[in-house]
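**Student:** Quick one: structure below, then a few questions.
The values are calculated or read from the model by the stated rules, or taken from the named source; none is laboratory data. Everything quoted here is computed from the prediction, not taken from an experiment. Methodologically, a virtual Cβ is constructed for each residue, glycine included, from the backbone with ideal geometry; neighbour enumeration extends over all protein chains shown. The area values use the complete protein model at the heavy-atom level, side chains included, leaving out ligands, DNA and RNA. Shrake-Rupley method; radii C 1.70, N 1.55, O 1.52, S 1.80 Å.
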Amino acid sequence: MENFIYHRPTKPADAVKAMKDAADGKFLSGGMTLLPTMKQGLAAPSDIIDLGGLGNSGVEVGADKVTVKAGTVHANVATDKGVKKAIPALSALAGGIGDPHVRNRGTIGGSIANNDPAADYPAAVVGLNATVVTSARSVPGDKFFTDIFTTALKDDEIVTAVEFPVPKRAAYVKFPNPASRYAMVGVMVAELKDGSVRVAVTGAGPKVFRVPEMEKALEANFSADAIGGIKVKASGLNSDMHASPEYRAHLVTVLARRAVAAAK
Amino acid sequence: MSAISMKVNGKAVCGAVEPRTLLVQFLRENLGLTGTHVGCDTSQCGACVVHVNGTAIKSCTALAVACDGAEVTTVEGLAKNGKLHPMQEAFREHHGLQCGFCTPGMLMAAVDLVNRKGKTLDEETIRHELEGNICRCTGYHNIVKAIQAGAENM
Ligand SMILES: Cc1cc2nc3c(=O)[nH]c(=O)nc-3n(C[C@H](O)[C@H](O)[C@H](O)COP(=O)(O)OP(=O)(O)OC[C@H]3O[C@@H](n4cnc5c(N)ncnc54)[C@H](O)[C@@H]3O)c2cc1C
Ligand code: FES
Ligand code: FES
């Protein structure tokens with residue numbers, strides 16, 4: 001790993017300033033993606049701005065909204081009793097990320113800022129119609145993930161929290177890659193309190209996407225059979241040694257049906 | 001170089017490190033605690049697992065400077081007064097290792113698992129919780145048996 005200048009600010013404004021002043025800075029949260037990338041020489045930032053000193057971690061559970069601060073590790077989202085009660089689909093998703101040691105370090109802010117096409121949280125942000133709060137503004141979940149490994153964030157913008165509306169019912173089902181546990185395909189299905197339904201798919205394409213045809217069918221009839229005949233197109237989906245686009249397209253329908261059946 | 005201090009296996013330690021020094025390098029190279037292993041460069045194998053402030057983490061994927069002030073327990077901190085920890089004893093008893101390379105991480109993950117989920121663990125839970133620890137030799141069967149037995153004796 002190349003050397004860098006290390007900063008550990010205690011205020012968000014100082015973190016933003018350190019980034020503005022750096023030649024080629026990077027924010028660091030859990031480091032579960034950034035440090036392996038640096039170890040392999042795929043990134044060599046001039047400055048590391050460690051957000052761990054901000055102490056921005058914890059969840060707030062209200063009647064209509066669950067707010068997860070950006071520095072909250074996956075293990076805390078997975079085991080928080082309030083989250084489990086308000087949005088069981090969210091705690092289950094967090095509890096299925098990677099392995100116990102990854103969950104003890106990796107954070108929601110780092111995960112969504114990174115926007116790995118196979119990451120789990122993007123399906124929750126879009127599927128539950130969440131809002132991403134940053135050091136500068138609030139961004140609707142639908143507008144946050146712009147392209148593969150790319151988000152609406154500016155270089156010196158920090159994710160500070162994610163606000164999830166409490167749905168009527170929801171479930172997340174993933175087909176984990178047997179080696180890494182990342183999603184080969186993962187589907188979040190949610191019926192929101194206003195009766196609208198969202199189906200958000202991660203792992204299958206370059207970034208998380210919704211399936212409007214399934215959403216419409218489920219709004220009319222929230223049952224697995226309502227979407228049994230709806231297939232997404234294979235063209236444009238991810239292709240790698242683990243699965244072909246056709247197989248991923250097939251999994252979307254299978255997992256969406258399971259998520260509908262499991263929604264609570 | 002940054003000056004850092006930690007409590008490692010109950011003992012106050014300090015040292016000067018570059019920002020890029022990983023926690024595992026600090027433990028192995030500065031402190032000579034070579035029980036903690038490095039088995040990969042992708043943060044997947046778990047040979048490097050130690051406890052930092054009570055939680056299990058991969059020490060190959062944490063900066064030493066970021067652990068300034070932390071309390072760290074490594075595999076060397078498990079045995080007390082020359083007597084193996086119950087989990088170590090169970091690995092010996094149940095042949096939970098062959099070459100032993102993954103064993104320090106397995107032990108630290110197992111002790112963390114008992115701390116979180118208690119002493120009565122079923123096979124499915126143990127296998128699931130070992131997703132971040134890879135072993136090239138044993139086929140996991142005896143590791144799972146050892147953890148089940150070691151948990152009961154903790
Ligand atoms: C073995 C292994 C298995 C994994 N399995 C899964 C899995 O199954 N599913 C899954 O979803 N993920 C998985 N992950 C990823 C992990 O869950 C982390 O969430 C992810 O690495 C990013 O979070 P982090 O806190 O570690 O971020 P970091 O690695 O610290 O940062 C990642 C990126 O985000 C930026 N960043 C960090 N925090 C912020 C912020 N607050 N504001 C703006 N930018 C920020 C950084 O600059 C960097 O570019 C796995 C990782 C490993 C090592
Ligand atoms: S050496 Fe840390 S996970 Fe492999
Ligand atoms: S005993 Fe050899 S790697 Fe596990």
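**Student:** Could you work out the per residue convex hull volume over the alpha carbons of region A:27-75, in cubic angstrom?
**Tutor:** 86
**Student:** Relative contact order for region B:2-77: what is it in percent, counting Cα pairs under 8 Å that are at least 6 residues apart?
**Tutor:** About 40 percent, as a whole number.
**Student:** In nanometres, what is the gap between the two model label sites at A:Glu246 and B:Glu18, each 7 Å from Cα along Cα-to-Cβ?
**Tutor:** About 5.0 nm separates the two model spin labels.
**Student:** Projecting each Cα onto the charge dipole of the protein assembly as shown (Lys/Arg +1, Asp/Glu -1 at the beta carbon, about the Cα centre), which of A:Ala226, A:Pro45, A:Gly96 comes out farthest on the positive side?
**Tutor:** A:Ala226
**Student:** Can I ask one more? Near the amide H of A:Ala70, under 5 Å away, which other amide H atoms are found, from residues 5 or more places off or on another chain, if H is placed in the peptide plane?
**Tutor:** A:Ala161, A:Val162
**Student:** Here's something else I'd like to know. Please compute the per residue accessible area over region B:86-153 with all protein chains in place, 1.4 Å probe, rounded to a whole number of Å².
**Tutor:** Per-residue value: 49 Å².
**Student:** If you place +1 on the Cβ of every Lys and Arg and -1 on the Cβ of every Asp and Glu, how big does the dipole about the Cα centre of region B:86-153 come out, in debye to the nearest 20?
**Tutor:** 140
**Student:** What value in Å³ per residue do you get for the convex hull of the alpha-carbon atoms in the protein assembly as shown?
**Tutor:** 141
**Student:** I've got another one for you. Taking only complete DSSP H runs, can you tell me which helices of chain A stretch 15 Å or more along their own long axis by Cα positions and average at least -1.0 on the Kyte-Doolittle scale? Mind showing how you got there, number by number?
**Tutor:** On the way: long enough: A:245-262 (25 Å, 0.30).
Those that pass (Cα extent of 15 Å or more, hydropathy at least -1.0) are A:245-262.
**Student:** Strictly under 4.7 angstrom between C-beta atoms: which cysteines of chain B have no such partner?
**Tutor:** B:Cys14, B:Cys67, B:Cys99, B:Cys137
**Student:** Between the helical axis of B:103-117 and the dominant principal axis of chain B, each derived from Cα atoms, what acute angle in degrees is found, rounded to the nearest 10?
**Tutor:** The angle comes out at about 80 degrees.
**Student:** Let's test the formula: R0 of 30 Å, r as the Cβ-Cβ distance of A:Ala220 and A:Val254. What FRET efficiency results, to the nearest 0.05?
**Tutor:** With R0 = 30 Å, the Cβ-Cβ based efficiency is 0.90.
**Student:** Same structure, new question: Need one value: the accessible area of B:Lys145 in square angstrom, 1.4 angstrom probe, rounded to the nearest 10.
**Tutor:** 100
**Student:** Region B:11-77 to region A:1-32: how many Å between their Cα centroids?
**Tutor:** 21
**Student:** Lys/Arg Cβ at +1, Asp/Glu Cβ at -1, dipole of region A:122-208 taken about the Cα centre: which of A:Gly205, A:Ala190, A:Val132 is farthest positive-ward?
**Tutor:** Farthest towards the positive end: A:Ala190.
**Student:** Taking square-rooted eigenvalues a ≥ b ≥ c of the alpha carbon gyration tensor, is region B:1-151 rounded, prolate or oblate, where a/c under 1.5 means rounded and, failing that, a/b exceeding b/c means prolate?
**Tutor:** On the way: a/c = 2.02, a/b = 1.71, b/c = 1.18.
Prolate, since a/c reaches 1.5 and a/b exceeds b/c.
**Student:** Here is a follow-up. Once you charge only the Cβ atoms, +1 for Lys and Arg and -1 for Asp and Glu, what is the size of the charge dipole of region A:1-75 about its Cα centre, to the nearest 20 debye?
**Tutor:** For region A:1-75, the charge dipole is close to 80 debye.
**Student:** In addition: Please compute how much accessible surface disappears when A pairs with B, both sides summed, using a 1.4 Å probe, and round it to the nearest 100 Å².
**Tutor:** 2200
**Student:** Residues of region A:113-142 with backbone nitrogen within less than 17 Å of a virtual label 7 Å along the Cα-to-Cβ line of A:Ala13, please, listed as ranges.
**Tutor:** A:135-137
**Student:** How large is the convex hull of the Cα atoms of region A:59-262 per residue, expressed in Å³ as a whole number?
**Tutor:** Details: hull volume 21.7 nm³, N = 204.
Hull volume over Cα atoms, normalised by residue count, gives 106 Å³.
**Student:** Something else about it: Evaluate 2.2 N^0.38 Å with N set to the residue count of region A:174-264, then give the Cα radius of gyration divided by it.
**Tutor:** Numbers: Rg = 12.8 Å, N = 91, 2.2 N^0.38 = 12.2 Å.
Ratio of Rg to 2.2 N^0.38 Å for region A:174-264: 1.04.
**Student:** Expressed as a whole percentage, what fraction of the accessible surface of region B:2-77 belongs to carbon and sulfur atoms when a 1.4 Å probe is rolled over the protein heavy atoms?
**Tutor:** Numbers: 1270 of 2810 Å².
C and S fraction of accessible area: 45 percent.
**Student:** From a point 7 Å beyond the Cα of B:Asn153 in the direction of its Cβ, which residues of region B:91-113 have a backbone N at a distance under 15 Å?
**Tutor:** Answer for region B:91-113: B:91-97, B:107, B:111.
**Student:** List the extent of the Cα atoms of region A:95-143 along each of their three principal axes, largest first, rounded to whole Å.
**Tutor:** 32, 22, 16
**Student:** Please compute, for the alpha-carbon atoms of region B:2-77, the extent along each of the three principal axes and give them in descending order in Å.
**Tutor:** 29, 25, 20
**Student:** Give me, ordered by chain and number, the residues 5 or more places off B:Gly100 or on other chains with an amide H under 5 Å from its own placed amide H.
**Tutor:** Here nothing satisfies the definition.
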